[in-house]
Every structure is written in structure tokens, then in C-alpha cells.
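Chemist: Take this structure first; my questions come after.
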Amino acid sequence: MNNQKDDFVIEMLNITKVFPGIKANDNITLQLRRGEIHALLGENGAGKSTLMSVLFGMYQPEEGVIKKNGEVVRINNPNDATKLNIGMVHQHFKLVEVFTVLENIILGAETTKMGFLQKQEARKKVEALIDRYGLKVDLDAKVEDITVGMQQRTEILKMLYRDNEILIFDEPTAVLTPQEIDELMEIMRGFKREGKSILFITHKLNEIMAVADRVSVLRKGKYIGTVDVADTNKQELSNMMVGRPVQLQVVKEPAKPGDVVLDVQNLTIPSRLHHNNAVKNVSFQARKGEILCIAGIDGNGQSELVYGLTGLERPSSGKVLVGGEDITRASIHKRQDYLSHIPEDRHKHGLVLDFTLEQNMVLQRFREKQFEHAGFIRKNAVRSYAEKLIEKYDVRSGQGPTTIARSMSGGNQQKAIIAREIDRDKQLIIAVQPTRGLDVGAIEFIHSELVRERDEGKAILLISLELDEVMSLSDRILVLYEGEIVGEFDPKQITVQELGLYMAGAKRMDPSEMSVFKKEERKETKNGQ
Amino acid sequence: MSFLIQQTLLYAIPLMIVALAGVFSERSGVINLALEGIMIMGAFVGVVAVRSFQGMQFFIDAEVNGNWMTLQLVGLAVMLIAAVAGAVFSLLLSYSAINLRADQTIGGTALNLLAPAISLFLISLIAKQTTLNLEGGLNSADIFMLKRSTLGISPTEKLNFFTDTFVVKNYPATYICILVFIVMAVILYKTRFGLRVRSCGENPQAAASLGINVFKMRYAGVTISGALAGMGGFVYAMTTQNCSANGDVAGFGFLALAVMIFGNWKPLNIAFASLLFGLLKCVAVSFSTLDINGDGIFFLTTIPVSSYFYMMLPYLITLIVLSLTSKKSRAPKAEGIPYDKGMR
Amino acid sequence: MDNKLSLLYRKDGTQKILSSLIAILLGMVFGSILIVIVGLTSSDIGGKGIIDGIKLVFLGLFSTGTKNGSLTFGFNPSLFGDMLFRATPLIMTGLSVAVSQKTGLFNIGAPGQYLMGTTASLMIALSIPTSSVPPVVVWLLAFLGGMLAGALWGAIPGLLKAFLNINEVLACIMTNWISAILTSWLFDVSRFSIFNGPATSAMGNPIVLNGSFKNLIESTKSGYVYMTSYNKVATAKLGLDKIFPGSQVNAGILVAIVLAVLVYIIIHKTTFGYQLKACGANRHAARYAGISDKRNIVFSMAIAGGLAGVGASLYWLSGNTEFAWQTYQSLPAVGFNGIPVALLAINNPIGVIFSGVFMAMLNIIGTRLKALTAYNEYITDVIIAAIVYLSAFALVIRMWLGGRKKKASMQKPAAPVSGTPKAEKSAKASDQTVSEEQKGGAQA
């Protein structure tokens, strides 16, 4: 390494951070050059966020030192980091929803007179920054009312307001449309031109290739290496990240769609958050032996649509048919005879974390004769059933069936849910973000299970925010925008960029081009007669 | 009418100040179920303090000479003492809720049990009965109320409506409370401190990431809450219980919680809500002597409704009001959730 | 041997019991400190008074009185019997709080449910003439009436919580006060006409009840309701009075124990209990699984109310206790004390039996303090409050006790195939963390 040429603004040397039972960072070294965009690559759980939290003063490392401009510094809290001009856009935005954008920007760095807030001064400074970097956002809007993109800009403005020179972006693109991602990349290049140094945390290879100068790779808490982006390629980076050659594509036969299993007709579902409907007059069908994917940006009605199908929310109008039977008004319990549901949030809906694994395995089925006798639980039957599932789906846990679900790893929790839902053996599987937050091994397992179920003749409705997953796993794609279906595509015949335009509402397919609407018209004319 | 307004204010003002106490705590992220207990503590310590002042020479002189300014200053001093007592007592809640991250409902309940127990234990030792009154059979009004005589108004003089309603037979403590209420509301909304406290009740992780000390802010919120509730407890005892303490404020602290929820955690709404509840409480307590239109007839006793019904009314209305507003009410997002540094 | 001991120490149950014992001990120490402070500042108590006070705090149950001015101790059957008698309603209100806790609700409404149980139970027991209906049947009807009244009263906050999402704590407190006023109201105005004939009192004297529940025949007792024994209704003693002569004990304690065991079986062995627990541990997941969270919330509160109501029935149907009906300014402490009973038992129904008896012992200690020293019975309330406070962070005590064990089990990684540190961390974080994350995700 040529030290003379290297002008490091930040160096993290031999950092080790231990959490109870786990070494999140094991002797990691990261050196950030002045004015570069440096990507930090790793899987979920590789230790990227921990490392950045150490840099930002939220954790104290057990070993290692941090240097700024060659001098050792101690960063005990975010205040110290701010004083060193380090700023961070967190993966989950750190915004106070009921505050205005301006209040969020000044919070913690308020200008005051006798303790009273002086918002006008702050406003001038923020407005100047908005003009300079083109970060359009309404300063007086409440954060809860603005789009995700604007929220991210608010976060960026928070850093700029504090005159930060070193900017950390923690998985900034996870929530953005492809177009918004392009804009963000442009903004980052702008910062680079201004001489700011950027640390860019991601697990997406395309973005690294597009914007970064150098990339450091972490795997399972360990430092793997640093390479110039110009000297590498996606396959090499991917191998470094996972530690073995990775199949970037899901292996599957072309789908052979059969009879209609799920038939949704003119479904409208009210929203809990605002006055509009969350799902507006939506119709579509899912068939045997196909994976139908609903794509879209988070918050466009996907959750409510799933709630409407599974009974967690009452539709205000429309019909849901499974296997020809109308279940629109059926109870959640009754619907379980028709469908399996892998929920979006495994902790909120999927598991009772304080129950044992075996208790979780019969969450829906405890009333069945095999598990209940005269009101009493057949403990032995539950035990052997749980053991069977654990064996079959390779769910790993400390004490087998009696493990408390809370103590299991995220991947194994998700496997347990998948096992439970698939084993219920219903004609329709609704899988909502089934791989969220998991590492490659678990993702591969879940993808292959879903494909196998498809091949066994199930209809699979996949709701995913990850475009890579949408493109590689689905046989057909519907795009949901503001509660309406705005496009229907074959994944082989559309690019991610094109899909992004539909997801952002910039483009809209003519209803006559979509099979879902053609059928509806037929029905209407029939009704008309 | 004047009587009705005066009586309503007597109940509304402590309610308002204690509801604001709840706001400070909850806006910082800690559910303060202990308002009732803190009020009891404030009332008890306040009454004990007044009794101590009664033994001091300057107080006796002031009382004999009718030096009402001195007496009012004593009242103010005791309000401060009660506030300090409430603040100190609330530290128990802060410690369990913030440092030990314990269940805030149970912690608050513990304080609600502890306050009457300690005060009754001590009251029984001091007074050999379960109520602690002022020394020498003195009335609260003798010391703390503005009367015609104290203001040099002759007993026969006809007073205008304003003086009759808001000056004579009023406790200046009422107006001090209103002032405190306004000042604290301004602090909550217009200062850096207020902004930071509120951020901790909504998203403590965000606050921490901006270098705000969530522990400190929550301690500040709960302590201010304790001070306000302690003061409110004493004012309640002073103005409605003839300055006596009996280890009980009859669910007043919980009514204040309901007022806070009804007022949607916002000071202005709380002010109105407490007037409504003050009126109800006033009707419940003094329905038999309420002469609404001044014709000498106690209207409410002429209609065949049981007195028990009026007593029940504040609690009943609270339930109804909560039922009507529960869908719209919007609590601070992070209230009741212990803040854990390691959590993201 | 050492191995076995440490194994026992590491057991979850052992640590729960230990943490409760520590809370009890610290609570009593706190009470003793208060006794010392008060004794030192008060002129009329003195060193001996202080020591007597502390002795009684720890050994009050075995107090047999005084001899030559100093306390004497020994087995006192009447205190034991009274303790069991007083434990009966405490066990029931403790069960009430524990059952609601299993469903994730905090039933602070036990005082109100207890009062409604009292009202229904006494009214039924006094208004059905035993001249035409066998006393046992009247007892049973009054018992069931008390249970039903408590259940209905408990169901109100349950319904408000389930369908309008009103905080059950606030709703319970409001219904408490409403029930206190309602009870006074009902006893104040209600008349009964059936039971107007001559009857004989417990003492065998013929008396004429004048159609009011208020005791108007004994001149100083109009603030009280008749004892049920005036109508020959009283809980059977089943020989317990022979074992504990001179005490109020009766078979009610046995009923309470049986009910505690029953509640234990329902909670831990049946699908109904499974549903209640699922709702309590994660309401969202229960709903997802097709378990009606609303129905279970109402059921749980109704059962809790019914248990508190039974507590009232068992206490007042003893026939030897008078109920002061002017309750509109006060709530029964036995209701609130269900909270420490449940907390000390860590919501285990079997544990409630023991913690209920312990609470009753504190109660007895209070009466001994008042009778034999310059102190008063409120010191036991202070101890109880301190115990509740300590129970609030019993979890912290438990973690501190089990510190070694936790670390050990965590270092033995649970098959980290796809276990990612991050996922594992969030898995260990509380449910609320998760929904926090979820919020982040939703806004993101």
C-alpha cells in the first residue's frame, strides 16, 4: 500500500466489537480517503451497521482505535461524532414523525436565544443548503405526511446542517425506486465534488459498481479485503461477500399455470392511516403452479391487500374467492382452511416470541382433533409434530421443540414459519417479504421451497419490495401503485428500470392491455345483460 | 352563578395542572400512572408544612394582624415545598422506569400504593386519627382565601360581577397555578428543552442519534411531572379539602389522566377539558347547594335524581368521553417503552 | 450434591421464587427502617418500642400478646386461623389479577369487581328466606351471584378495551369508583319485601328485619349491612375451627385453593388457556392465527372479575363479618392487594395461594402492631407498596440472579447456520422493538 499517496480522513484500525455471545466486528480495519466514495459491502448481519455505529459513537469497541486526519480520536456518543463532522443517514430513518421537517433538522443542534428556539435563523441556513444541493423538501410539512424520498432528503439535510464532512449512508437505497436511486447517486457525486468523503453501506453490487471508488468487504464480522471498484467485477465481489460462488439467479422451470386458485374481484380496503382507501377496486387472479408477484414501493397498499385477503382487515367492497369459494366475509380462522400466510413481520404476526417453538408450530392448528382432546392440549402430539417439522425443514434451535422462539436466530425463526405454513398444505400460499433481513443461505433455502411448492401445484402470491427478488422469483408481476394495479408484466420482458417507472407512478399501463381487466370487462358486460 | 364558577375553578385548576404534569411525563416517554400517589404525597407534605408554619411566630403575627400578603407568601412557599416533595417522590418512578426499565404501569401502581400508606402511617402517628387537619381548628379559608375583610371591602358593598366571581372568596393559588400552567406550556412548545423532551417521547432512538441524552430528558420530564402533580395535590387539599390530608384524593389523579387523554396531550385542549371535568366534580360535590340562577332555589335538589348519581357523574362521563375519543386520540409514540441504548 | 444445588439454582422457577423472596425481604427491611426512623424522631416510642415494632414486623404471626410489658411469642392458633380467613379473598383477587396478566391486561379493577360481588352476594344471601329455602342453597346462590356480578363488572373494561381500545387501567379505575358509589346507592335505597317475617339471629334471638339491608336493629350499626348469619347463611367450617380455635377461619380457604388449582389447569393445560396466553404474549400474532383477540380480552377480564367476585362472596358469606356499606369514598384494599399477591407469585396460580397467605400474614402483623405497640397498621401497607415497587423490576433482580446462566447459554451458539448477529439481536429484543422496527420500515 502506498502510504504517501493515501490521505486518509478517517481510519478505523483493528476494531473489535463484541455483543453477548457474538463477535459482531472481529479485528476490522477500514480506511476512508478524503473525497472518495467508499462502499462497505456485506450480507445482512456481516457487521456493517455495527461498524458504522462504532464510528458514529453509538457503540464503544472493545479493541481498536479510530483516527481522524491521522490523529487518534475517541467517539463516545453521537455528539462527539458530530463535533468531528461525521454524519450518518440511518437505515431506519431517525425522524420524529409528528415534528416538521425543519424541527427534525435542527433537533439536537438548535439555535436559541435564552433557551427559546430561533427557527428563522435555522430556516435560512437550511434553505441555502436546499438550493445548493437541490434537495427539494417542504420545511413546514410534518414528516409523517411526506414521501420516503423526502424523508431521506430530510436526513441528508440534517447532516449538512451540522456541516458534516464525512457522510455515512446506511443502506440508503433499500426504500427507493430505481429512479430515486439514480437521483441519490447523483447527489452523492455532488458531495464528492464538494470534497466530502462518503461511506456507503450496501449489499447491492450494482450500486457499488455505479458510484463507488473503492469497496471494503465484510463477512460474518470479519474483514475480507478492500479493492478498487475499477479493478473488480460483480461476481468477484459477490464471492468475497458470501465466501463461496453464489447462484445469482433462482433456478426454476418455466411455470405451467393451471386453474385459477385465487380470484380477487373489485376489492376495496379502507386505510387505517388516512381517509383514502388503501386498496382501490383491485381485481386479479392467481393460478395453480405460478408465482404471482405484487411489486411496488412500500406503503402503496400491499400490506392492506394482504390483510384483506387473510382476514386481518375487512374489505369495504369486492370479493375474494379461493378455489371458487367466496371467503370475503369468512373469519381468519375459517380462511386458514384455504390459504397459508407467511406474514410480513415475523415478530409482530408470525410468532409468539415468548412461546416455545412447538407452541408456535400449532399456532393455527391447536384446535384440530389431533392436538386437542376435550379442551385439553395433547402435549405429546404437539411435541412429535413439532419434531417432525424441525427435522424436515432443518429448523435449528438450542433446545429443539421447547426452545423459546425469542432466542432463535432470525433465519431459523423464518424457517419455522415457512415450515408451519407450507406443512399446512393449502392450495394458496401468500408470502410477504419472506426473505427480509436474511442472509444468502436462508434466502436460497426459502426461494427453493417456494419454487418447489409452485411445482407441486400451489398458487403462490409473493409480495416483495426487493426488485431483485421480484425479477428472479416471479412468473408474473403486477405493480401496485397507490392502491391500484397499474401494470402487468412478464419478468422476462421488462427491465428493472421500466418497472421502476410504474412503481413510482410515472407510467401506467392501459387497462385493456392487462389480462386482469379484460376479464373484468367481460364480467361487467355479462352483468349488464 | 358566581358560586358555580368559583367552585368549578376550584376543581378545574388542580385538574389542569396535574393533567399537564401527565403531559410532561408522557411526552418524555414515561407513562405516569402515579399522578394520584404524587398528589397524595404533595397534599400530605403541604399540610404538614402549613402546620409547621403555624408554629412560627411571624405566621402567628401575620394571622393576628390580618397581614394577608405574608399569609399568601406562606401559601406560595408551601406550594413550592409540595412541588419539591412531588418531584422527589417521582424519582422513584424515574428510577424504576428509566434506569431499570421496569414496567411503568406496575411502577406507577406501586407509588399509588406507597403514597397513601406512608402518609396514613405518619398521619396516624401525628394526629392519632386518619385525617390531618390544621392546628387549632383553623380553616384553610382563614389563611389562604381572599375575603372582603382582607381586601378592605365592606360587607355590604355591592360588587361587580368580576370582583364577586374572580377576586372575593378566591384563592390566589388558583391564579398562580394558571400562570404556572401557561409558563410550562410555553416551555414545552417554544424552547429547546421542550423540543428535546418531546422528541424523546416520540422517537428516543432519533433523539439519541442526535446526541440528546434520553435518560436526562426523561428524568427531567418525570421530575417536572412530579413537581406539578405535587403542587396540584397540595392546591387540591388547600382549596377543596380545607387544607387537610387523609391519604386520598378520591381518584383525582386518575381523572387528570383522563383529562390529559381527552385533551390529546395538548395544553390548550387540556385547559378546556379540565373546565368541563371541574364543573362535573363541582356538581358532584356541591349539587345540593348550587343556586345556578340566583333565585335561592337549589335547582338540582328539586329534580328527583339521587345524589349518588351526581357523585358518579365525573367517572361515568370520563368513561363515555374516553369511548368517544379513543379512536382519535394520539399518544406520544414511544410512551411506556423503556429506552434501551443498545436497541436500534 | 453441589452440582444438584447449582442445577436447582439455575432453574427458572427457583429464580422466580428467589426474586420474590428478595422483594419480600427488602420490603420488610424497608418497613423496619421506617419504624426505626419514626421511633427515633418520636418521643413516646423509645428503643424498646422500636425493637418491639421490628420484632412484630417479622414475627407478628407468632405473637401471643404481652407479659409484664414485653412481647411474648409462640404458636397462636387464632392468628393462624384469622390469617387463613383473610387470605381467602386475597387469593381470589390475586388470581383475578394473575389471570388478566396472562392475557396482557392489568386488572386494577379488582376492588370494583370485589365490591359488586359483595353487593350481589349479600343481597341474595339476605333476601331469600331460609325458612323456605335451605341455607345451603341460598349460600350457593349467593356465591354464584357474587361471581356473576364480579364477572359482569370485569367484562365492562374488557369490552371497552377490546372494541374501543380504551386503556384498561383507566377504565378499571373509573369502574372502581362507579362501583363504590353504586354499592352505597344500592344498599341505601333498596328494600326487600320477601324477608319480612320473624327470623332468628345467629345468637338464636328472634328478630324482625325491617326490609332494609342496613342493620337497623342494633342501634349503632346502621352503617353496616346485616351479617348473613342473621339469615342462617354461613360458610361451613368443616372442622377448621377446631384446629384453629378462636379464629374466623372457614371452608372458604379450601374453595379458594381448589379454584387456584383449577385456574392453573385451565391456563396451562387447555386450549382455552393457550389462547388466552397467546393473546397476552402477542395480540397481533394471535389474531393472525385466527384466535379472536377481542373475545379473549373480554373473557379474560370477565373471568378475572368473576374470581374477584368469588373472593367477596367467600369473605362476606362467612356470616361473621359486617359490611360497612358507605363505600362511596373508599375502595376495598383487598382488591388492590390482589396486585402484589399476583406479582409475588409471578402470575402463577399455585404461587398465588402462598403469596395470598403471606399478604394475609402482613395484615395480621398490622393488627398486632396496632394492638401491642405505638405503631399502626399502615406500616404493612407501606411494606406491601414497597414489595410492589420491587416487583416492578423483579425481572432485573432475576437477570441479576441468573447473570451467569444467561451468559453461558448464549455463548453456546444455537446453531448459527443462517444466524446473523443482527437478526438474533432483534429477535431477543422485545416485541415492541419489533414494531418499532416495523414502523421504521413502514415509513421507509
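Yes or no, residue by residue, for (1) hydroxyl-bearing (Ser, Thr, Tyr); (2) closer than 16 Å to residue B:38 by Cα; (3) in a helix (DSSP H, G or I):
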{"site": "B:109", "(1), (2), (3)": "yes, yes, yes"}
{"site": "B:113", "(1), (2), (3)": "no, yes, yes"}
{"site": "B:116", "(1), (2), (3)": "no, yes, yes"}
{"site": "B:123", "(1), (2), (3)": "no, no, yes"}
{"site": "B:141", "(1), (2), (3)": "no, no, yes"}
{"site": "B:149", "(1), (2), (3)": "yes, no, yes"}
{"site": "B:153", "(1), (2), (3)": "no, no, no"}
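Chemist: If you take the residues of region A:221-244 that are modelled with pLDDT under 90 and among the basic types (Lys, Arg), which of them is surrounded by the fewest Cβ atoms within 10 Å (Cβ to Cβ)?
Modeler: A:244
Chemist: Right, another one. What's the total number of residues in region B:155-193 that are within 30 Å of residue A:107 (Cα to Cα) and outside any helix (DSSP H, G or I)?
Modeler: 1
Chemist: Looking at residue A:218 and the list (1) surrounded by fewer than 21 Cβ atoms within 10 Å (Cβ to Cβ); (2) within 14 Å of another protein chain (Cβ to nearest Cβ); (3) aliphatic (A, V, I, L, M); (4) closer than 23 Å to residue A:441 by Cβ, which single condition is not satisfied?
Modeler: In the conditions (1) surrounded by fewer than 21 Cβ atoms within 10 Å (Cβ to Cβ); (2) within 14 Å of another protein chain (Cβ to nearest Cβ); (3) aliphatic (A, V, I, L, M); (4) closer than 23 Å to residue A:441 by Cβ, residue A:218 misses (1) alone.
Chemist: Which of the residues that make up region C:275-300 are more than 7 Å from every other protein chain (Cβ to nearest Cβ), buried (at least 22 other Cβ atoms within 10 Å of the Cβ) and either in contact with a strand residue (DSSP E or B) (Cβ under 9 Å, 6 or more places away or on another chain) or not in a helix (DSSP H, G or I) (or both)?
Modeler: C:291, the sole residue that qualifies.
Chemist: Exactly one condition in (1) away from every other protein chain (no Cβ under 14 Å); (2) modelled with pLDDT under 85 is not met by residue A:439; state its number.
Modeler: Looking at each condition in turn, residue A:439 falls short on (1).
Chemist: Among (1) crowded, with 21+ Cβ neighbours inside 10 Å; (2) assigned to a helix (DSSP H, G or I); (3) away from chain C (no Cβ under 14 Å), which single condition is residue A:54 missing?
Modeler: With respect to (1) crowded, with 21+ Cβ neighbours inside 10 Å; (2) assigned to a helix (DSSP H, G or I); (3) away from chain C (no Cβ under 14 Å), residue A:54 is out only on (3).
So that you can scan it fast, the table gives a plain yes or no per residue for (1) crowded, with 18+ Cβ neighbours inside 10 Å; (2) farther than 20 Å from residue A:433 by Cβ; (3) in contact (Cβ under 8 Å) with a residue 24 or more places away in the chain:
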| position | (1), (2), (3) |
| --- | --- |
| A:327 | yes, yes, no |
| A:331 | no, yes, no |
| A:337 | no, yes, yes |
| A:340 | yes, no, yes |
| A:343 | yes, no, yes |
| A:346 | yes, no, yes |
| A:356 | yes, yes, yes |
| A:363 | yes, no, yes |
| A:368 | no, yes, no |
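Chemist: Let me ask another. Conditions first: (1) over 30 Å from residue A:145 (Cβ atoms); (2) assigned to a loop (DSSP other than H, G, I, E, B); (3) in contact with a helix residue (DSSP H, G or I) (Cβ under 6 Å, 6 or more places away or on another chain). Residue A:17 passes all but one, so which condition is the exception?
Modeler: If we test residue A:17 against (1) over 30 Å from residue A:145 (Cβ atoms); (2) assigned to a loop (DSSP other than H, G, I, E, B); (3) in contact with a helix residue (DSSP H, G or I) (Cβ under 6 Å, 6 or more places away or on another chain), just (2) comes out false.
Chemist: Can you tell me which residues in region C:106-126 are surrounded by fewer than 24 Cβ atoms within 10 Å (Cβ to Cβ) and over 17 Å from residue C:235 (Cα atoms)?
Modeler: C:106
Chemist: Looking at residue B:60, is it out of contact with any Lys or Arg (no Cβ under 9 Å at 6 or more places or on another chain), among the β-branched types (Val, Ile, Thr) and touching a residue at least 40 places away in the same chain (Cβ under 8 Å)?
Modeler: For residue B:60, the condition - out of contact with any Lys or Arg (no Cβ under 9 Å at 6 or more places or on another chain), among the β-branched types (Val, Ile, Thr) and touching a residue at least 40 places away in the same chain (Cβ under 8 Å) - is not met.
Chemist: A further question follows. What helices (runs of 4 or more DSSP H), lying completely within region A:304-404, carry at least 2 residues that are away from every other protein chain (no Cβ under 13 Å)?
Modeler: By residue number, A:379-393.
Chemist: Answer yes or no: is there a residue in region C:131-141 that is of a type in the set (S, T, N, Q) and within 14 Å of chain B (Cβ to nearest Cβ).
Modeler: The answer is no; no qualifying residue exists.
Chemist: What number of residues within region C:42-63 are in contact with a Gly (Cβ under 9 Å, 6 or more places away or on another chain), farther than 12 Å from residue C:375 by Cα and within 13 Å of chain B (Cβ to nearest Cβ)?
Modeler: 0
Chemist: For residue B:254, state whether it is within 12 Å of another protein chain (Cβ to nearest Cβ) and either modelled with pLDDT of 85 or more or assigned to a loop (DSSP other than H, G, I, E, B) (or both).
Modeler: yes
Chemist: Exactly one of these conditions fails for residue C:56: (1) surrounded by fewer than 24 Cβ atoms within 10 Å (Cβ to Cβ); (2) assigned by TED's automatic domain parsing to the domain that holds residue C:392; (3) in a helix (DSSP H, G or I). Give me its number.
Modeler: Among (1) surrounded by fewer than 24 Cβ atoms within 10 Å (Cβ to Cβ); (2) assigned by TED's automatic domain parsing to the domain that holds residue C:392; (3) in a helix (DSSP H, G or I), the lone unmet condition for residue C:56 is (1).
Chemist: If I filter region A:418-425 for residues that are in contact (Cβ under 8 Å) with a residue 24 or more places away in the chain, part of a helix (DSSP H, G or I) and among the β-branched types (Val, Ile, Thr), do I get at least one hit?
Modeler: yes
Chemist: Let me ask something else. Mind checking whether some residue in region C:366-387 is touching a residue at least 40 places away in the same chain (Cβ under 8 Å), in a helix (DSSP H, G or I), under 26 Å from residue B:98 (Cβ atoms) and basic (Lys, Arg)?
Modeler: Within region C:366-387 (the criterion being touching a residue at least 40 places away in the same chain (Cβ under 8 Å), in a helix (DSSP H, G or I), under 26 Å from residue B:98 (Cβ atoms) and basic (Lys, Arg)), the answer is no, since none of the residues qualifies.
Chemist: Under 7 Å between Cβ atoms, at least 6 apart or on separate chains: pull out the pairs that start in region B:178-198 with a residue that is at the interface with chain A (Cβ under 7 Å from one of its Cβ atoms) and more than 17 Å from residue B:226 (Cβ to Cβ) and end on any residue that is of a type outside the set (A, V, I, L, M, F, W, C) and part of a helix (DSSP H, G or I).
Modeler: Correct list of pairs: B:195/A:103.
Chemist: Take the residues of region A:474-493 that are out of contact with any Lys or Arg (no Cβ under 8 Å at 6 or more places or on another chain) and of a type in the set (A, V, I, L, M): which is surrounded by the fewest Cβ atoms within 10 Å (Cβ to Cβ)?
Modeler: Applying the filter and picking the extreme gives A:478.
Residue by residue, here is whether (1) at pLDDT below 85; (2) among the hydrophobic types (A, V, I, L, M, F, W, C); (3) in contact with a helix residue (DSSP H, G or I) (Cβ under 9 Å, 6 or more places away or on another chain) holds:
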| site | (1), (2), (3) |
| --- | --- |
| C:16 | yes, no, yes |
| C:24 | no, yes, yes |
| C:31 | no, no, yes |
| C:39 | no, no, yes |
| C:46 | yes, no, yes |
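The values are calculated or read from the model by the stated rules, or taken from the named source; none is laboratory data. What you are looking at is a predicted structure, and each value in this text was computed from that prediction instead of being measured. Cβ coordinates were reconstructed from backbone atoms using ideal geometry, including for glycine residues, and neighbour counts include every protein chain displayed.
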